[in-house]
1. Could you report the range 1-154's accessible area per residue, 1.4 Å probe, as an integer in Å²?
2. Treating only the Cβ of Lys, Arg, Asp and Glu as charged (+1, +1, -1, -1), what charge dipole size does the range 63-144 show about its Cα centre? Round to the nearest 20 debye.
3. Comparing Glu291, Glu129, Glu189, which has the greatest mean-square fluctuation in the GNM of the chain with Cα pairs linked when under 10 Å apart?
4. For Val240 and Tyr21 in the same chain, what is the full-extension length gain: residue separation times 0.36 nm, less their Cα-Cα distance, in nm?
5. Rounded to the nearest 10 Å², what accessible area does Lys150 show when all protein chains are kept and the probe is 1.4 Å?
6. Say each of Ser118 and Asn191 gets a label point 7 Å from the Cα, pointing the same way as Cα to Cβ; how far apart are those two points in nm?
7. How large, in percent, is the carbon and sulfur part of the accessible surface of the range 121-265 at a probe radius of 1.4 Å?
8. Protein chains only, probe 1.4 Å: how do Phe70, Phe281 rank by accessible area, largest first?
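The values are calculated or read from the model by the stated rules, or taken from the named source; none is laboratory data. Just so we're clear, the structure is a prediction, and the values are computed from it rather than from any experiment. Cβ atoms come from the backbone with ideal geometry, glycine included; neighbour counts cover every protein chain shown. Heavy atoms of the whole protein, side chains included, go into the accessibility calculation; ligands, DNA and RNA do not. Shrake-Rupley method; radii C 1.70, N 1.55, O 1.52, S 1.80 Å.
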Amino acid sequence: MIEAETGSGSVMVAESLGKWYGEVIGLNNFNLEIKPGITGVVGPNGSGKSTLFKLMLGLIKPNTGRISVFGQVPWANSQLHSEIGFCPDYESLPSDSTGREFLSLIGHLHAMEGTTLSKRIEEVASLVEMSRAMDRKTGGYSKGMKQRMKIAGALVHDPQLLILDEPLSGTDPIVRKELIDLTKRLNKEHNHDVIVSSHVLFEIERMTHDVALMYKGRTVATGDISEIRTLIDKHPHNIVIEGHGIAALAKALLDEDYTVSVAFNEDRSGITVQVSKPEDFFNGLPALIGEANCSVSSMYSQDDNLEAIFKYLVGR
């Protein structure tokens, strides 16, 4: 077993951490310390975020280096597992089960039973604002409802640490704001430490200013996001928006000072917006959607732009 040492009060410490799969490198000489509160982990596909979470959850062992969570080695540590709740980025809800059945299953996996489990299910359902949908099949849930239920599953056993892997992915701007507000409440009002990952740095900034930027298995920047914002703002940000009635939204966006350009896709069901002030864009978008009376089905950041940011930060 690889032993770990940790700084006082740290949620997670990784020192010279390495993990590879054959010839594929997941993490390479990775160093990071995460303090209590909300911490954002941002990086493009292949940056090593998923590998880091698997190591924290004790699902895999590192090849080199050390990792600790709350001062303990994660591998084969059932006591530590009870202190971590994980919301995966993939579809994990059984479509033929109700929300209540899903949370009951999760509770049973954590040895919860009877009235204790029933009471906790009601508490968690209320916390994520899903009480009215508990007896509906999860297969009929909207994307936002599914994300809420996955977070509820991570909360059932009342863990100290929540790991939320891309919780905003695929949701519309209104749902994103609601999930951001929920994440902040989980920390401020319910005292959970939260690690949340995203491709979109400016979404993380709406939850916390404590950020770790990952690129090709390493950390390239950590700390308060204000310290690197000036570097990020040198790169116009590209966001793809898809849905119905998008033409009206495109017209509205062109009138905003932060919009550099707007381009339609081939069937005009979506647009790519390039903005110079991403924070202003994300803050103002819900109001613009309402004024344009359009329906947004998906919104995401283009990896190519994020890749350029990270290449700039590592001096390539």
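1. Working: 7460 Å² over 154 residues.
Solvent-accessible surface per residue comes out at 48 Å².
2. Details: 8 positive and 10 negative charges, 15 e Å.
Magnitude of the dipole: close to 80 debye.
3. Glu189
4. On the way: separation 219, 0.36 × 219 = 78.84 nm, distance 3.26 nm.
Value of the extension gain: 75.6 nm.
5. Lys150 exposes around 10 Å² with every protein chain in place.
6. That separation, rounded to one decimal, is 2.8 nm.
7. On the way: 2690 of 5920 Å².
Answer for the range 121-265 is 46 percent, counting heavy atoms of protein chains only.
8. Details: Phe70 65, Phe281 0 Å².
Largest accessible area first, the residues go Phe70, Phe281.
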